[in-house]
């Protein structure tokens with residue numbers, strides 16, 4: 001697996017490629033850059049799924065509590 005790169009490394013590689021495309025090593029580091037992006041996308045995707053699950057659980061919990069309160073109020077009136 002290729003090593004991950006940091007933002008500063010990416011900026012350095014991009015700047016070097018822009019200034020001197022003939023001697024640039026940007027293309028040789030492309031696997032590292034792709035691996036970094038894939039890892040970041042996977043982490044973000046996982047975090048989004050976890051957040052959605054938590055929100056759904058909270059919504060279900062709040063809805064269930066509201067329904068129980070409505071039921072209790074209804075029975076108290078009878």
Cβ-Cβ under 7 Å pairs, at least 6 apart or on other chains, region 1-28 side in contact (Cβ under 8 Å) with a residue 24 or more places away in the chain, far side assigned to a helix (DSSP H, G or I) and loosely packed, with under 14 Cβ neighbours inside 10 Å: 2/31; 4/39
Any hit, region 60-73, residues being surrounded by 10 or more Cβ atoms within 10 Å (Cβ to Cβ), modelled with pLDDT of 75 or more and either in a helix (DSSP H, G or I) or over 17 Å from the mean Cα position of the chain (by Cα) (or both): yes
Those residues of region 2-25 which are surrounded by 12 or more Cβ atoms within 10 Å (Cβ to Cβ) and under 14 Å from residue 37 (Cα atoms), in sequence order: 2, 4, 5, 9, 10
Test: residue 38 is part of a helix (DSSP H, G or I), modelled with pLDDT of 85 or more and exposed (fewer than 10 other Cβ atoms within 10 Å of the Cβ): no
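The values are calculated or read from the model by the stated rules, or taken from the named source; none is laboratory data. All values reported here derive from a predicted model rather than from experimental measurement. Neighbour counts run over all protein chains shown; Cβ positions are idealised from the backbone, glycine included.
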